[in-house]
Amino acid sequence: MSLIVQKFGGTSVGDPQRIRAVARRVAQAAEAHEVAVVVSAMAGETDALAALARELGGPAPDPRETDALLATGEQKSSALLCLALRQLGRPARSFTGVQMGLRTDAAHTRARIRGIDAERIRAVLQSGAVAVLAGFQGADAEGNITTLGRGGSDTSAVAVACALGADVCEIYTDVDGVFTADPNQVPAARKLDAISYDEMIEVASLGAKVLQIRSVKFAMRYGMPIHVRSAFHGAAGTRVVAEESVMEKLVVSGVTCDRNQAKIRVSGVKDQPGVAAELFGPLAEAEIVVDMIVQNTAHDGSTDMTFTVPQGDCPRALEISQRVGPLLGGSSVESDEGISKVSVVGLGMKDHAGVASRMFRILADEGINIQMIGTSEIKISVVIEEKYTELALRALHAAFMESGF
Ligand code: ADP
Ligand code: ASP
Ligand code: MG
C-alpha cells in the first residue's frame, strides 16, 4: 500500500466547515493509501498567539514560553481534524511534535529539525488509522517545546514524509499551485505544472511564502517529490521535482518580491584588507543573515559598504554597524526600511544571455531606480524603493512571462 503525507495550511483548516471538508478529503485518500496528515494552525491563530505573547511578555517575549504558546495553535487544529475524521467513521489519532518524536535543536522560534523517531506514527498507520500531526513544532534535547519558524508546517510535512519513506508529500493550500508570480499580487500569473527543487529554493528564499524554504531543501536532499495543490478542489497542482523531470524549461519561471528587507549603509570606511571581515563578522555572530552587499569604488582610500538584512533584524544590525563602523574609519551609518527586493528566477538563465539587461531596461522604462543588484546562476535580484514593488512585479511578469521571452 502506498503512503502519502498530506499537509493542510491555515486557510484550509480555517473554520469548522473547512476542517470537515479536509476530513472528507483525507478519509477518501485513506481508502486507498496509508495517510499521515500534517496541519497548520487555523488561519490567523499563530499571529493572534504571537500578539498575545507580546502583550504580556513585552516586545521580545521569552522565546521558550513563546514557543510553548505558539505550538498550541497546531495542537488545536490536529485534535479538531481527528474529531471530524472520527465523525466520518475513520479512526484517527493526533500527535503533538513531542509525541511524534520530532527532535530539534534549541533555537527557539526558528529551530532546526535534527531527526524524527517515527515509530509511533508508523504503528498508528499500520493499525489502519490516520495519523494527524501538529506541524511547526518539535522538542529540543531537554524536552522543551520548539517551533520551526513561520511557515514551518511545510518543513514538518516534508520531514515526516522523508522519515516515513512516503511516496509523495502533498501540500494543500489556498492557491492552485506554484505560480509564475504571487497570484494575489499579479493577476496574470499562471500556474506551473512542475518546477525544479533549485528554482523553488530560489523562489521561496526570494519572498514567495507558498513553501517554506527549508522544506524544499529537505525534499531535494532526500529526493522527496512535493505536490503543491488546492485544498478546495481536486485538480492537479504543481510538482516540485528534480531538474531532469521538468519538461518545460523556462528561461524565467518566476517573478518574486520580498518587502521584508532593510538596507544599511556604512559610509567612509577604510579601503583596506580586513574591513569587510570586521564589519560582517559581528553581524554573523549575532546570527543576522546579510543578503546583498555592495561596496562602492574607493575614493581617497575610503569606500561605502551597503548591505541588506531582514527588516526584523534591522535595529540590531544598525546598532552593531554603529558600534563597529567608526572603528573602521566610517563617518556615518544609515538604515532604510522602505525598500524591497524584486527577483526573476529561471533554470534557462544558465544558458540564456540577456535576461539581466532586459530586466534593467524594463525597470528603467517604468522610471524605477535600481539601488542594488545581486545575481546567481538562476536568479537576478534588484533592490528598489518599496512603493514601486507592484509596478515592477507586473512589468517584469508582462515582459518575461506574457510575451514569449
Ligand atoms: P498555507 O497557509 O497553506 O501554508 P501560505 O499563505 O503560507 O499558505 O502560502 C500560500 C500563499 O503564498 C498564497 O496565498 C500566495 O499569496 C502566496 N504566494 C507567493 N508567491 C506565490 C507563487 N509564486 N505561487 C503561489 N503562491 C504564492
Ligand atoms: N502556523 C504557523 C505559521 O503561521 C506554521 C505554518 O502555518 O506553517 O507560521
Ligand atoms: Mg505556509
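The values are calculated or read from the model by the stated rules, or taken from the named source; none is laboratory data. Bear in mind that the values here come from a model prediction, so they are computed numbers and not experimental data. Cβ atoms come from the backbone with ideal geometry, glycine included; neighbour counts cover every protein chain shown.
In the range 240-266, of all residues being within 16 Å of ligand 3 (Cβ to nearest atom) and crowded, with 21+ Cβ neighbours inside 10 Å, the one that is farthest from Gly325 (Cα to Cα) corresponds to Val240. Checked against (1) more than 10 Å from ligand 1 (Cβ to nearest atom); (2) in contact with a helix residue (DSSP H, G or I) (Cβ under 7 Å, 6 or more places away or on another chain), Tyr172 passes all but a single condition, namely (1).
In the range 122-157, of all residues being of a type in the set (S, T, N, Q) and part of a loop (DSSP other than H, G, I, E, B), the one that is farthest from the chain's Cα centre (by Cα) corresponds to Ser127.
Taken over the range 151-197, the criterion of being β-branched (Val, Ile, Thr), over 15 Å from Phe136 (Cβ atoms) and either surrounded by fewer than 23 Cβ atoms within 10 Å (Cβ to Cβ) or within 13 Å of ligand 2 (Cβ to nearest atom) (or both) is satisfied by Val168, Val175, Val186. You will find that of Asp140, Asp154, Asp105, the residue that is acidic (Asp, Glu) and touching a helix residue (DSSP H, G or I) at 6+ places or on another chain (Cβ under 6 Å) is Asp154 and no other. Only one entry of Thr104, Thr96 meets the criterion of being surrounded by 17 or more Cβ atoms within 10 Å (Cβ to Cβ), more than 21 Å from the chain's Cα centre (by Cα), of a type in the set (S, T, N, Q) and more than 16 Å from ligand 3 (Cβ to nearest atom), and that entry is Thr96. Criterion applied to Leu69, Leu88, Leu83 was being over 25 Å from Ile226 (Cβ atoms), surrounded by fewer than 24 Cβ atoms within 10 Å (Cβ to Cβ) and under 22 Å from the mean Cα position of the chain (by Cα), and the one residue passing it is Leu69. The residues of the range 206-243 that are polar (S, T, N, Q) and within 16 Å of ligand 2 (Cβ to nearest atom), listed by number, are Gln212, Ser215. Among what's in the range 346-389 and is acidic (Asp, Glu) and in contact with a strand residue (DSSP E or B) (Cβ under 8 Å, 6 or more places away or on another chain), pick the residue that is nearest to Val186 (Cα to Cα). Result: Glu386. Among the residues of the range 1-18, those identified as away from ligand 1 (no atom under 14 Å from the Cβ) and of a type outside the set (Ser, Thr, Tyr) are Met1, Leu3, Ile4, Val5, Pro16, Gln17. Within the range 19-40, residues that are closer than 17 Å to Leu164 by Cα reach partners that are at pLDDT below 95 and among the aliphatic types (A, V, I, L, M) with beta carbons closer than 7 Å, at six or more positions or on different chains, in the pairs His33/Met1; Glu34/Met1.
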